[in-house]
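The structure under discussion appears below in the form of structure tokens.
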2 protein chains.
Amino acid sequence: MSAEMNVQSKPRPRKRINDPEGMRKKVLDVAEDAFQACGYHASSLGDLMAAAGVSGGALHHHFPTKKALALAVIDERVAAAVEQTWIAPLLAAASVREGVRAVFEAVAAELEQQGFVRGCPLNNLAHELSLADPDFRIALAGIFADWRRAISDKVRADQRAGRDEGTDPERFAALAVATYSGAMSMAKTAQDPSVLRDCLAGLERSALSSSQGGLAARRRRRVLPRPRTL
Amino acid sequence: MSAEMNVQSKPRPRKRINDPEGMRKKVLDVAEDAFQACGYHASSLGDLMAAAGVSGGALHHHFPTKKALALAVIDERVAAAVEQTWIAPLLAAASVREGVRAVFEAVAAELEQQGFVRGCPLNNLAHELSLADPDFRIALAGIFADWRRAISDKVRADQRAGRDEGTDPERFAALAVATYSGAMSMAKTAQDPSVLRDCLAGLERSALSSSQGGLAARRRRRVLPRPRTL
DNA sequence: TATAAAACAGACCGGTTGTCCTGTTTTGTC
DNA sequence: GACAAAACAGGACAACCGGTCTGTTTTATA
């Protein structure tokens, strides 16, 4: 991983301009990108400093540890990415089904024109960090939960309008997120986003029938005892 | 990560018994476990040596580099895990749908009694290593392909028996693998395997209807140009 | 048994990593 | 302007990592 110097010509070592917010944003930009492209462990702070053009002191000032930086990336960037690419388009859509379809196709189209697949930021970090540290896991699990809730809420809204009365909101949300996550995993590994469309086609049929409604299936909200020390 | 010493009492520095196969297997056992529990980068060779009770010389003799060890784990262990937990039960089942259901429920039951979720070995490594090295990516992509093909072949076998004539084999295979992978991702992050059952319920409805058959949907087997240098 | 290759042991090394530490400069506040 | 805190620079450092190297022991072969 190398970086453009991005140094504006400084003919004089004149003055320095303190821009804490801008510097913090620059670091987060670089870290978000590197974490997704190379992963957390494979991205060294030296790489990030070089790529962002930031000194070690500045980096340490804003993010005391690498873990703190990663948590900031998760809380501020990964969550925002899910919000931007999934939740917002979903809420803007006329129905869940149209929203899900729009997201899948938008992502597929973007990846096709982009020429490579770097995967879902959330899943990338979730796989690498969920078992590494409880703080990471909780932060990532929260994003998954928000994602699912946005979908299930939209299903319920549709149902209030008389549509999709047969589908269980929580179940469909879990299925949609799982399908997308798994499809992105395969697309990344195969470097071929076409599997996204295959999965969308199958997913769209799932919300169709209205069988086995009855009383809402009881939910299993049990949480496991303890996740095995690392 | 620490390891029990696993040293049988050696009152005398008597003799040494060369057991290359056994030693190789021991290293692979430990590496497979560590790679899944901690990931590739977070597992140091020192950890593995200590956990396996193997000297540096022996490790290097069997696996010249860490990458070679990981490739062996992928080719011999991860592929076998997919074969054992997915493909074999699927082939043994009476139909695809029963097979998929059996696998999902078996894994869910195992995780529930196990008390924690370490995730899918294939997906764990795929997320961390697919973009890190082409050799890793190709090896992992091959396992995904075999997995999908086993499912689609089973669908075709069912169709030859007159069942599920409406479902596209490739599409269903992609959907099944994606759903499982994504569900495991969420289960791992939330440390709660119940999402597996939610996703299974949704997936089972998807293979139901027999709409939009017609000529088999044309497949998009395009491969992307180049996956962006690491 | 002679001998070479395989199997293994254990120390060693250059490079890297994350973090800390000491200064210097800027900025807000009275 | 005085002064303290924030913002930033850059070096130092100990720990660690992966790979290599040399040497010893076992094993296969003749």
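Observations, loosely collected:
- Sole residue being hydroxyl-bearing (Ser, Thr, Tyr) and not assigned by TED's automatic domain parsing to the domain that holds A:Asp158, chosen from A:Ser95, A:Ser43: A:Ser43
- The single condition among (1) over 18 Å from the mean Cα position of the chain (by Cα); (2) over 25 Å from B:Arg197 (Cβ atoms); (3) open to solvent by less than 30 Å² (accessible area, probe 1.4 Å) that B:Ser95 does not satisfy is (2).
- Of all residues making up the range B:126-135, the number that are closer than 19 Å to B:Gln36 by Cα and open to solvent by 10 Å² or more (accessible area, probe 1.4 Å): 6
- Flag if A:Arg171 is at the interface with another protein chain (Cβ under 9 Å from one of its Cβ atoms) and open to solvent by 20 Å² or more (accessible area, probe 1.4 Å): yes
- Test: residue in the range B:174-197 that is at pLDDT below 95 and open to solvent by 30 Å² or more (accessible area, probe 1.4 Å): no
- Qualifying residue in the range A:51-59 (condition: within 11 Å of DNA strand C (Cβ to nearest atom) and open to solvent by 40 Å² or more (accessible area, probe 1.4 Å)): yes
- In the range A:36-50, of all residues being more than 14 Å from chain B (Cβ to nearest Cβ) and within 11 Å of DNA strand D (Cβ to nearest atom), the one that is surrounded by the most Cβ atoms within 10 Å (Cβ to Cβ) corresponds to A:Met49.
- Of note, A:Ser185 satisfies the criterion of being touching a residue at least 24 places away in the same chain (Cβ under 8 Å), under 30 Å from A:Leu111 (Cα atoms), at the interface with chain B (Cβ under 8 Å from one of its Cβ atoms) and not acidic (Asp, Glu).
- Wholly enclosed helices (runs of 4 or more DSSP H) of the range B:1-118 bearing at least 3 residues closer than 22 Å to B:Gln191 by Cβ and either of a type outside the set (A, V, I, L, M) or modelled with pLDDT of 95 or more (or both): B:20-38, B:96-114
- The C-beta contact set for the range A:14-35 (first residue within 14 Å of chain B (Cβ to nearest Cβ), second residue open to solvent by 80 Å² or more (accessible area, probe 1.4 Å) and within 11 Å of DNA strand C (Cβ to nearest atom), distance under 7 angstrom, 6+ apart or interchain) comprises A:Ala34/A:Met1.
- Filtering A:Val100, A:Val73 for residues that are more than 14 Å from chain B (Cβ to nearest Cβ), surrounded by 19 or more Cβ atoms within 10 Å (Cβ to Cβ) and either among the hydrophobic types (A, V, I, L, M, F, W, C) or within 12 Å of DNA strand C (Cβ to nearest atom) (or both) leaves a single hit, A:Val73.
The values are calculated or read from the model by the stated rules, or taken from the named source; none is laboratory data. The shown structure was predicted, so the numbers you read here are calculated from the model rather than taken from an experiment. For neighbour counting, all protein chains shown are included, and Cβ atoms are generated from backbone atoms with ideal geometry for every residue, glycine included. Ligands, DNA and RNA are excluded from the accessible area calculation, which covers all protein heavy atoms including side chains. Shrake-Rupley method; radii C 1.70, N 1.55, O 1.52, S 1.80 Å.
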